[in-house]
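Have a look at the structure below before the remarks.
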Amino acid sequence: PMLIGKPFAVDQKRPEHKKLVLLIFVDNLGASLTSEDRFPDIMPNTHKFFRQGHIFENHFINGHWTLDSFASIFTGKYPAHHKVFHPRKKTNVAKGNYTLSQAYQDEEYLTFHIGGNQRVAPHYGYAHGFDRTIFGRHQRCEETVASALEQLKAFPNRSQFGLIDFMDLHRDQHV
């Protein structure tokens, strides 16, 4: 067990921010859904929660798998520019890139990343820009959600940006 961190304020300096900005990354979700019509059947509660939002039906990825495509989401760059695409080469998404977590941290959000996706792990630089990271390789959905709820309850006076990632849809493929 290890705890490394810098102090952060419990109360918000600028209270005009949105209370919560949450990026939920469900690895392999696209491959699990063959059409939009299956989404309500496979994940009825998630569909119900997000139906007031917008479901993008005409979108493209910048990479062919999690390692490079998530780095594109997180930096806003193509793989050729963020240079995170090879699983056995030491790469760091934060090196030379301004990340989403840094942008929210610069706006004085309390930032956190909770999950267990091995391609969104701290050793790829995904701890950079987060005030708090809770990572456990292949962490179960229940642990991720519980930790995220604890984070939100522990800092009720702060606007927060959170990334939570789930590997559960990959679970059957890796057993």
| remark: (1) over 28 Å from K153 (Cα atoms); (2) in a helix (DSSP H, G or I); (3) at pLDDT 80 or above all hold for T91 apart from (2)
| Mind checking which residues of the stretch 84-114 are hydroxyl-bearing (S, T, Y) and under 14 Å from the mean Cα position of the chain (by Cα)? | T99, S101, Y104, T111
| field | Filter pass, V145 being under 30 Å from R14 (Cβ atoms) and open to solvent by less than 50 Å² (accessible area, probe 1.4 Å) | value | no
| task | Output the residues belonging to the stretch 153-162 that are open to solvent by 40 Å² or more (accessible area, probe 1.4 Å) and either in contact with a Phe, Trp or Tyr (Cβ under 9 Å, 6 or more places away or on another chain) or of a type in the set (K, R) (or both). | result | K153
| task | Please tell me if F60 is out of contact with any His (no Cβ under 7 Å at 6 or more places or on another chain), modelled with pLDDT under 70 and surrounded by fewer than 12 Cβ atoms within 10 Å (Cβ to Cβ). | result | yes
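Restricting attention to the stretch 119-142, which residues are open to solvent by 60 Å² or more (accessible area, probe 1.4 Å) and more than 21 Å from S72 (Cα to Cα)? Walk me through it before giving the result.
Here is the first cut: in the stretch 119-142, the ones open to solvent by 60 Å² or more (accessible area, probe 1.4 Å) are 123, 128, 132, 135, 137, 140, 142.
R132, R137, R140, E142 - these are the residues of the stretch 119-142 that are open to solvent by 60 Å² or more (accessible area, probe 1.4 Å) and more than 21 Å from S72 (Cα to Cα).
Looking only at the stretch 98-118, filter to residues that are out of contact with any strand residue (DSSP E or B) (no Cβ under 9 Å at 6 or more places or on another chain) and either part of a helix (DSSP H, G or I) or surrounded by fewer than 20 Cβ atoms within 10 Å (Cβ to Cβ) (or both); which one of those is modelled with the lowest pLDDT? So that I can check it myself, show each step before the final result.
Taking the stretch 98-118 as the starting set, the residues that turn out to be out of contact with any strand residue (DSSP E or B) (no Cβ under 9 Å at 6 or more places or on another chain) are 98-99, 106, 108, 118.
Of the ones still in play, those that are also either part of a helix (DSSP H, G or I) or surrounded by fewer than 20 Cβ atoms within 10 Å (Cβ to Cβ) (or both) are 98, 106, 108, 118.
Working: Y98: 94, D106: 93, E108: 91, Q118: 81.
Among those that are out of contact with any strand residue (DSSP E or B) (no Cβ under 9 Å at 6 or more places or on another chain) and either part of a helix (DSSP H, G or I) or surrounded by fewer than 20 Cβ atoms within 10 Å (Cβ to Cβ) (or both), it is Q118.
Give me a count of the residues in the stretch 10-54 that are of a type in the set (A, V, I, L, M), surrounded by fewer than 12 Cβ atoms within 10 Å (Cβ to Cβ) and either touching a strand residue (DSSP E or B) at 6+ places or on another chain (Cβ under 7 Å) or modelled with pLDDT of 65 or more (or both). Outline the logic, then answer.
Taking the stretch 10-54 first, the residues of a type in the set (A, V, I, L, M) are 10, 20-24, 26, 29, 31, 33, 42-43.
Narrowing further to those that are surrounded by fewer than 12 Cβ atoms within 10 Å (Cβ to Cβ): 10, 31.
With the extra rule that they be either touching a strand residue (DSSP E or B) at 6+ places or on another chain (Cβ under 7 Å) or modelled with pLDDT of 65 or more (or both), the set shrinks to 10.
Final tally of qualifying residues: 1.
The values are calculated or read from the model by the stated rules, or taken from the named source; none is laboratory data. As the structure is a prediction and not an experimental result, all values here were calculated from the model. Neighbour counts are summed over all protein chains in view; Cβ atoms, including those assigned to glycine, are modelled from backbone coordinates with ideal geometry. In case anyone asks, the SASA skips ligands and DNA or RNA and just uses the protein heavy atoms, side chains included. Shrake-Rupley method; radii C 1.70, N 1.55, O 1.52, S 1.80 Å.
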